[in-house]
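Read through the structure below, which is laid out as structure tokens, and then see the notes.
The values are calculated or read from the model by the stated rules, or taken from the named source; none is laboratory data. Keep in mind it's a predicted model, so treat the numbers as computed, not measured. Note that we place each Cβ from the backbone using ideal geometry, even for glycine, and neighbour counts take in every protein chain shown.
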Amino acid sequence: MKIELIKSLSLVAALSLGTAAIAQDNSDASTEDTPAAQPSVDLGEPVDATRQPGQTYVEKVTGDWERKCITMPEGRGDDPCQMYQLLKDETGNPVAEISLGKLPEGNQVAAGATVVVPLETLLTQQLTIAVDGTQGRRYPFRFCTQLGCVANIGFTTEEISGFKKGAKATLTITPAAAPDQRVNLNMSLTGFTAAYDELIVPALAPAAQ
């Protein structure tokens with residue numbers, strides 16, 4: 001029996017509009033003008049399109065990757081951006097998500113990623129990532145929130161090169177309700193190279209005095 005790990009991450013809202021009824025008094029033969037009926041719908045009003053500090057937005061889509069950025073306060077420099085992809089299982093159901101960004105130079109790893117999986121994941125089995133069926137690597141989960149459980153991952157330059165050359169990566173997790181089963185999540189690498197190369201390397205934070 002299939003175990004559903006998470007509900008759909010998107011909701012579709014339906015808006016139904018009523019129609020106005022106009023009453024006429026046929027018994028009155030006078031030709032007096034009657035006031036126009038008012039619409040029973042709300043036409044809305046203009047809103048300020050300016051992004052607020054801390055607001056997340058999608059700046060660009062490259063292949064199967066979104067470039068997500070966070071709005072910085074005025075005068076605080078460029079908005080920091082990361083690559084993002086919603087991860088689906090083998091039947092196309094959205095299950096998890098990954099965000100990936102470059103790290104400051106001088107680190108042992110070239111990029112850092114955050115993977116968020118459902119709370120119903122068996123954490124002791126950890127997270128496995130493999131590219132195009134090659135031998136994978138296992139990563140632990142660090143903590144959980146109301147939104148899911150998080151793995152913070154570091155990728156070396158060599159591993160990033162493997163993503164650029166690959167077609168698809170597979171992230172594997174284990175459902176807590178069925179420890180003998182595995183859930184494989186497809187991470188498309190279409191557009192990875194272009195999206196990654198466009199990321200800006202953040203400056204190294206100054207050492208504390």
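Couple of notes before you dig in:
- Test: residue in the range 78-100 that is at pLDDT below 80, surrounded by 10 or more Cβ atoms within 10 Å (Cβ to Cβ) and not in a strand (DSSP E or B): no
- Boolean, G154 is in contact (Cβ under 8 Å) with a residue 12 or more places away in the chain, in contact with a strand residue (DSSP E or B) (Cβ under 9 Å, 6 or more places away or on another chain) and more than 30 Å from R76 (Cα to Cα): no
- Only one of the listed residues (L147, L189, L171) is surrounded by fewer than 17 Cβ atoms within 10 Å (Cβ to Cβ) and among the aliphatic types (A, V, I, L, M). That residue is L147.
- Wholly enclosed strands (runs of 3 or more DSSP E) of the range 117-209 bearing at least 2 residues under 18 Å from N93 (Cα atoms) and of a type in the set (A, V, I, L, M, F, W, C): 168-173, 183-188
- In the range 180-199, the residues that are more than 13 Å from V131 (Cβ to Cβ) reach residues that are in a helix (DSSP H, G or I) and not β-branched (V, I, T) with C-beta atoms within less than 6 angstrom, at least six apart or across chains, in these pairs: T193/K164.
- Here T174 does not fit the description of being hydroxyl-bearing (S, T, Y), over 18 Å from the mean Cα position of the chain (by Cα) and modelled with pLDDT under 95.
- Restricting G112, G166, G162 to residues that are at pLDDT 95 or above and within 21 Å of the chain's Cα centre (by Cα) narrows the list to G112.
- Evaluating E66 against the criteria (1) assigned to a strand (DSSP E or B); (2) among the acidic types (D, E); (3) more than 30 Å from R182 (Cβ to Cβ) leaves one unmet condition, (3).
- Restricting the range 177-196 to residues that are of a type in the set (S, T, N, Q) and under 21 Å from the mean Cα position of the chain (by Cα), the residue that is farthest from Q125 (Cα to Cα): T193
- Within the range 65-100, considering residues that are over 17 Å from G112 (Cα atoms) and among the polar types (S, T, N, Q), the one nearest to the chain's Cα centre (by Cα): N93
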